[in-house]
Amino acid sequence: MPEVYKATAIMSTVVSLGIFIGILTIALFPEIGAFALWENMQDPETVIPCIDWAFWNPNDINPNLNWGGKGPDELWYDYGGCPHYATKTVPGIARYGLIAFCGLLGPIMAYRHFMNAAERERKARSEELEKYLPYAASYTAAMSAANATPSRIFKSLAVNSEIYGNISYDSAMIYRDITLLGMDLVSAIKLSVQRAASPWVSEFFQGMVGTLQSGGNLKIYFLNRAEHYMRENRIRLGVFLETLAMMAESYVVVAVAMPLFLIVMLVIMFWVSGAGSELSEGMVYLVVLGVLPVIHIAYSILVWMMSKEMEM
């Protein structure tokens with residue numbers, strides 16, 4: 001139902017727009033808004049000059065202005081009428097940046113996010129289907145070799161969702177169409193071709209339809225498909241392992257060798273020249289406590305993200 005989905009995305013965008021408008025109202029409302037309250041606060045850099053002014057000009061203090069602040073001795077001083085008094089200001093880039101984001105960029109990003117939600121879900125489901133398909137194809141080949149009927153194969157796949165993931169859901173839909181809705185096997189599989197989120201799954205089901213309609217042998221088809229998908233899966237895993245090995249080599253160079261060489265080179269250059277490349281204690285702490293942890297954390301996140309893509 002694309003109309004329902006589009007209407008939901010538009011209403012979600014409208015709600016997001018209302019939230020952005022509320023943020024703008026809180027920030028820009030006169031006198032009681034966040035920016036107004038901020039700009040009514042005294043600039044801390046003017047407190048000491050105003051206290052000095054009040055000390056030397058006590059007769060010029062205007063108590064009606066209610067200006068005052070704490071000095072270094074934690075005592076309160078009144079300095080109403082101080083010429084040095086100034087309030088905080090909101091930078092123009094912050095004010096206009098908030099207006100541009102909440103008034104234009106935010107709603108556009110929200111609309112694109114909600115409209116592309118189905119595509120993101122389809123892509124994620126497609127990747128999961130392609131991870132499980134080689135093993136599901138091998139299972140169908142084994143069941144077919146045992147002379148199981150296609151209906152029995154789909155039922156068996158459907159009840160093993162913890163092993164075959166979303167493949168089990170598509171198989172359950174085919175089994176439901178056959179047993180509950182009374183469709184024939186070919187019509188049920190054709191319907192699953194239209195539902196499939198992955199080109200591999202569509203190809204697999206479409207091949208079953210072609211084999212059944214042409215009177216071919218499903219056992220041979222399943223064996224060929226299982227071999228093909230397992231070969232593709234080995235290639236995919238090989239690419240992942242090669243990428244992981246490259247990451248490991250770059251980790252040794254960037255996170256282990258480079259900081260050590262950097263420190264040694266700076267020390268040697270300082271000894272040779274006596275100046276120019278002086279290695280301070282602060283620089284050492286920056287490299288050891290700042291740069292190195294960031295590099296290790298970045299590599300850990302990269303490896304974790306790569307592993308999550310292959311996780312089953």
Q. Where the only charges are on Cβ atoms (+1 Lys, Arg; -1 Asp, Glu), what is the dipole of the chain about its Cα centre, to the nearest 20 debye?
A. 2020 debye
Q. Residue by residue, what Karplus-based ³J(HN,Hα) values in Hz, rounded to whole numbers, does the stretch 171-180 have, using 6.51, -1.76 and 1.60 with θ = phi - 60° and x for Gly and Pro?
A. 5, 5, 5, 5, 5, 5, 4, 6, 7, 8
Q | Estimated vicinal HN-Hα couplings, Hz - the stretch 191-206 in sequence order (Karplus 6.51, -1.76, 1.60; Gly, Pro = x) | A | 5, 5, 4, 5, 7, 4, 8, 10, x, 5, 5, 4, 5, 5, 5, 5
Q. How would you order 64-75, 101-112, 157-168 from highest to lowest mean count of nearby Cβ atoms within 10 Å?
A. 157-168, 101-112, 64-75
Q | Ascending count of other beta-carbon atoms within 10 Å, so fewest first, for Glu309, Glu127 | A | Glu309, Glu127
**Q.** Rounded D (µm²/s) - the stretch 110-263, Kirkwood Rh over Cα pairs, Stokes-Einstein at 37 °C, 0.692 mPa s
**A.** 186 µm²/s
Q | Answer label, with Rg/Rh (Cα atoms, Kirkwood Rh) calculated from the coordinates and candidates (i) 1.08; (ii) 1.05; (iii) 1.24 | A | (iii)
Q) Where nothing but the Cβ of Lys and Arg (+1) and of Asp and Glu (-1) is charged, how large is the charge dipole of the stretch 1-135 around its Cα centre, in debye to the nearest 20? A) 920 debye
Q. In whole Hz, what ³J(HN,Hα) sequence does the stretch 104-114 give by Karplus (6.51, -1.76, 1.60; θ = phi - 60°), x for Gly and Pro?
A. 9, 5, x, x, 5, 5, 5, 4, 5, 4, 6
Q. Got a sec? Charge dipole of the chain, +1 on Cβ for Lys and Arg, -1 for Asp and Glu; which of Ile32, Ile163, Tyr111 is way out at the positive end?
A. Ile163
**Q.** Nearby lysines by direct alpha-carbon distance to Lys155 (threshold 21 angstrom, same-chain neighbours under 8 apart not counted)
**A.** Lys131, Lys190, Lys219
Q: Can you spot the lysines whose alpha carbon is less than 28 Å from Lys70's alpha carbon? Ignore those fewer than 8 places along the same chain.
A: Lys88
Q. Around Gly68, which amide H atoms from residues at least 5 apart in sequence, or from another chain, sit under 5 Å from its own amide H, with H modelled in the peptide plane?
A. Tyr79
Q: Using the number of other C-beta atoms within 10 angstrom as an exposure proxy, rank Ile61, Ile99 with the fewest first.
A: Ile99, Ile61
Q: Pull the list of the chain cysteines that no other Cys approaches to under 4.7 Å, Cβ to Cβ.
A: Cys102
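Computed from the coordinates by the stated procedures, all read-outs in this text should not be read as laboratory data. Nothing here was measured: the structure is a model prediction, and the numbers come from that model. Cβ sites come from the backbone with ideal geometry, for glycine too, and all protein chains shown count toward neighbours.
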